[in-house]
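Here's the structure, in structure tokens; my notes come after.
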Amino acid sequence: MFNFSTQFIKKQLDESLKRLKTSYVDILFLHSPTRKNCKNILKLKKLMDQLKRKGKIRFSGISPKTPQDGVYFLKKAKFDFVQINFNLIDQRMFDSGIYSLCKKKDIKIIARTPFNLGFLTGKTKLKKIKKNKKNDHRSRWDIKQLDLWNKSSDLFVKLNSKNSKAGFALRYCLSFNSVFAVIPGMMQTNQINVNTKKENAKKLSIQTLNKIKKIYQDNQFILK
């Protein structure tokens, strides 16, 4: 259950500061707000501004459930950061207009799910997901949808001659000026080594970005 009351957020922040043994956090994010479950966005932004002045947070952030929700909130209030789903096969950030809005308002973007739940790395095993239903949230998706995502990384192989599939996916996300950082999921040491290579931060060429856009436009990545 979501709780976006100002009292709850103040309480949770204070408790987090105690656990972390610090006087501030870098960014306070509102996670998964929608137009239905969070109708007091202006009060929340006012609270976050107060917390900034008190030195308890350095920046305010919002991580909307969908890009459309993000557009709705950002038109009402200006945050420092927005966290949004964005990757090679999920370009709703552009489709919804949230990227243009962030660029116009100078709001920095943090891209979540750069590997689309791991499928863009080319190493995800569907059999393993099926067997590990209790501990793998991906098993709740329709198997046809998972299979579609599992095959999607192969569409970009011809455009990628220098990086691992994971590295190429990260380079794509970081090729746009308003994207400040990405959040790749990492559970093993070798994944950390692969994902933190310097070359992953090098921007792709305009030509490559246009080819990626065409692949996205010519293919269906979400089953209806």
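Sorting the segments 203-216, 38-51 by their mean number of nearby beta carbons within 10 angstrom, highest to lowest, gives 38-51, 203-216. Applied to the stretch 108-123, the Karplus parametrisation 6.51 cos²θ - 1.76 cosθ + 1.60 on θ = phi - 60° returns per-residue 3J(HN,Hα) values of 7, 9, 10, 7, 9, 6, x, 9, 6, 6, x, 5, 7, 7, x, 10 Hz, with x for Gly and Pro. Scalar couplings 3J(HN,Hα) for the stretch 174-183, obtained by applying the Karplus form with A = 6.51, B = -1.76, C = 1.60 to θ = phi - 60°, are 8, 8, 10, 4, 7, 7, 7, 7, 10, 10 Hz; x denotes Gly and Pro. The long axis of helix 41-53 is offset from the longest Cα principal axis of the chain by roughly 70 degrees.
Distance from the Cα centre of the stretch 189-215 to that of the stretch 84-119, in angstrom? Their Cα centres are 15 Å away from one another.
Could you identify which residue out of R138, R35, R112 has the top mean-square fluctuation in a GNM of the chain using Cα springs shorter than 10 Å? Looking only at R138, R35, R112, the largest GNM fluctuation is found for R138.
From the Kirkwood radius over Cα pairs of the chain, Stokes-Einstein at 37 °C and 0.692 mPa s returns a whole-number translational diffusion coefficient of 172 µm²/s. Taking 23 Å as the limit for the C-alpha separation, the pairs K18/K76; K162/K198; K11/K45 exceed it in the case of K18/K76.
In order along the stretch 184-195, the phi-based Karplus estimate (6.51 cos²θ - 1.76 cosθ + 1.60, θ = phi - 60°) of 3J(HN,Hα) comes to x, x, 9, 10, 10, 4, 5, 5, 5, 5, 5, 6 Hz; Gly and Pro are listed as x.
If you average the alpha carbon positions of the stretch 129-170 and of the stretch 30-64, how far apart do those two centres end up, in angstrom? Rounded to whole Å, the Cα centres lie 33 Å apart.
Taking the C-alpha atoms only, the angle from helix 206-218 to the longest principal axis of the chain is near 80 degrees. In this Cβ point-charge picture (+1 for Lys and Arg, -1 for Asp and Glu), the chain has a dipole of about 360 debye about its Cα centre. Peptides 182-193, 70-81 ranked from most to least packed give 70-81, 182-193, packing being the mean of other C-beta atoms within 10 angstrom over each peptide's residues. Between V25 and I57, R58, the built amide H atoms are under 5 Å apart, and every one of these is 5 or more places off in sequence or on another chain.
The Cα atoms of the stretch 123-224 give a gyration tensor whose axes a ≥ b ≥ c have a/c of 1.5 or more with a/b no greater than b/c, which makes the shape oblate. The alpha-carbon atoms of the stretch 1-77, seen along their principal axes, cover 36, 25, 18 angstrom, with the largest extent given first. Estimated purely from DSSP H runs of n ≥ 4, each contributing -39500 (n - 2.57), the mean residue ellipticity at 222 nm for the chain is -12000 deg cm²/dmol once divided by its residues.
When only the Cβ of Lys, Arg, Asp and Glu is charged (+1, +1, -1, -1), the dipole of the stretch 19-109 relative to its Cα centre reaches about 560 debye. State the answer as a single residue: which of M187, L88, C38 lies farthest towards the positive end of the charge dipole of the chain, with beta carbon charges of +1 for Lys and Arg and -1 for Asp and Glu, about the Cα centre. Ranked along the dipole, the leading option is C38. Taking the longest Cα principal axis of the chain as reference, the axis of helix 67-76 is set at about 30 degrees.
Quick note: the coordinates plus some simple rules give every number you see, no bench work behind them. Values in this document were obtained by computation on a predicted structure and should not be read as measured data. As a convention, Cβ positions derive from the backbone with ideal geometry for all residues, glycine included, and neighbour counts pool all protein chains shown.
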